[in-house]
Amino acid sequence: MLVSSLLFFLAIAIILGGAAVFTNGVEWLGRRLGLSDGAIGSILAGIATALPETLIPVIAIFLGTDEAATQVGVGAILGAPMMLSTLMIPLLAGFLLVLARMHSRSGKFDLDYGDVRLDLGFFLLSYIVALVVALVPLPPIRYPAAAGLILIYLWYVKIHLGRGKVNEMELAPLFFSRGRAQPATAVIVIQALAGLALMIAGAHIFVDVVKDTAVGLGISPLVLSLLIAPVATELPEAMNSFFWIYGKKDTLAVGNITGAMVFQGTFPVAIGLVGTDWQLDTGSLISLTLPLLAVSLFFVLTEIKGRWKPSVLILPVFLYAGYMLYLVSR
């Protein structure tokens, strides 16, 4: 028990350290590439921090040898968007309110709502496709839908790269090159990759510790992948976004999560459509529907109010809590 506790805190420390190194590096990389804040958060950071949880379904579905492995893969595919939309965004909103109460910053999000609208719209489009195919999971529908999801993401990237103001924010010195005002591109890339590697390593330690505990409690593979794995694999996105919110870089913070959601709603789902029969049980269908409800709320706030209200963004956490109770009761 003592060893598990020590490993747990070690994993958190590694993830936090990796997040600090990664966010600093990816900000410099975006500056060097001439990208907008929206593109840095939604594409560079979004894809990079989504890689750990993307590897889980690839390995489980294509290299797994039994039905349990397939269940883990499907659970990982569905668990990531649910975690991001119903837990991470509410936590981010709650963290913003805490900082405002501490007088560390304003209690309002300072966002490029055009980028937010773009991310949410593309996620809704891709996840509606996933839901429709789950209701009619025939091969003639699954395979074209998988190809369509890949094209949707490429279209999304093309739009993001072609819009937005180039990043002009003041940056902290690059950790790996503090003595230079303009660090070498190679050093920037090395630092970003080092931070990503630390986050992935910490997440794996976290998963192993929690998984061993869950297995000892007799939790099923599907529940494990829906309930446990996403908590660890989404920690990189969460830590990055918390750092950016604290640094008043809201577009980066939110784009990191919403961009990861678009990626998670396209590439991993396409893997599931090709590698499984995509015949989802009731619990899996619920986990697919809840992100659509949460993101629809975010989208309506963006369209009607023109801004995000943190106190409203917290509400989807009740969807997450209710679903966790449902899984445990099963």
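The values are calculated or read from the model by the stated rules, or taken from the named source; none is laboratory data. Remember, predicted model here, so these are calculated numbers, not experimental data. Don't worry about glycine lacking a Cβ; one is built from the backbone with ideal geometry, like all the others, and counts go over all protein chains shown. Calculation scope for accessible area: heavy atoms of the full protein, side chains included, ligands and nucleic acids excluded. Shrake-Rupley method; radii C 1.70, N 1.55, O 1.52, S 1.80 Å.
Couple of notes before you dig in:
- Screening Q279 on (1) surrounded by fewer than 14 Cβ atoms within 10 Å (Cβ to Cβ); (2) among the polar types (S, T, N, Q); (3) farther than 30 Å from P139 by Cα shows it passes everything except condition (3).
- Matching option when the condition is touching a Phe, Trp or Tyr at 6+ places or on another chain (Cβ under 7 Å) and in contact (Cβ under 8 Å) with a residue 40 or more places away in the chain, among I286, I271, I314: I286
- Unmet requirement for L10, which otherwise passes all of (1) farther than 23 Å from L120 by Cβ; (2) aliphatic (A, V, I, L, M); (3) at pLDDT 75 or above; (4) surrounded by 24 or more Cβ atoms within 10 Å (Cβ to Cβ): (4)
- Qualifying residue in the range 284-306 (condition: open to solvent by 30 Å² or more (accessible area, probe 1.4 Å) and part of a loop (DSSP other than H, G, I, E, B)): yes
- Apart from one condition, P81 fits all of (1) crowded, with 24+ Cβ neighbours inside 10 Å; (2) at pLDDT below 80; the exception is (2).
- Selected residue (only one of T54, T65 is open to solvent by 10 Å² or more (accessible area, probe 1.4 Å), of a type in the set (S, T, N, Q) and either under 19 Å from I257 (Cβ atoms) or modelled with pLDDT of 95 or more (or both)): T54
- Residue within the range 201-224 that is modelled with pLDDT of 85 or more, basic (K, R) and out of contact with any strand residue (DSSP E or B) (no Cβ under 8 Å at 6 or more places or on another chain) present: no
- Residue check, V157 of a type in the set (V, I, T), modelled with pLDDT of 70 or more and closer than 19 Å to G259 by Cβ: yes
- Of the residues examined, I47 is one that is open to solvent by 40 Å² or more (accessible area, probe 1.4 Å) and either hydrophobic (A, V, I, L, M, F, W, C) or modelled with pLDDT under 70 (or both).
- When the range 307-324 is filtered for residues that are outside any helix (DSSP H, G or I) and crowded, with 19+ Cβ neighbours inside 10 Å, the ones remaining, listed by number, are W308, P316.
- Checking D250 against (1) more than 24 Å from I61 (Cβ to Cβ); (2) under 11 Å from the mean Cα position of the chain (by Cα), the condition it does not meet: (2)
- Helices (runs of 4 or more DSSP H) (entirely within the range 57-159) containing at least 3 residues that are among the small types (G, A, S) and under 17 Å from the mean Cα position of the chain (by Cα): 67-83
- Failed item, numbered, when A186 is tested on (1) part of a loop (DSSP other than H, G, I, E, B); (2) out of contact with any helix residue (DSSP H, G or I) (no Cβ under 9 Å at 6 or more places or on another chain); (3) not hydroxyl-bearing (S, T, Y): (1)
- For the range 161-181, a residue qualifies if it is of a type in the set (G, A, S), under 24 Å from the mean Cα position of the chain (by Cα) and either open to solvent by 80 Å² or more (accessible area, probe 1.4 Å) or at pLDDT below 60 (or both), and exactly one does: G164.
- The requirement of being within 30 Å of A172 (Cα to Cα), of a type outside the set (D, E), surrounded by 21 or more Cβ atoms within 10 Å (Cβ to Cβ) and at pLDDT below 90 is satisfied by L235.
- Residues in the range 245-276 that are out of contact with any Asp or Glu (no Cβ under 8 Å at 6 or more places or on another chain) and surrounded by fewer than 17 Cβ atoms within 10 Å (Cβ to Cβ): Y246, G247, V274.
- Matching residues in the range 16-35 - criterion: being at pLDDT below 75 and either more than 15 Å from W244 (Cβ to Cβ) or open to solvent by 10 Å² or more (accessible area, probe 1.4 Å) (or both): L16
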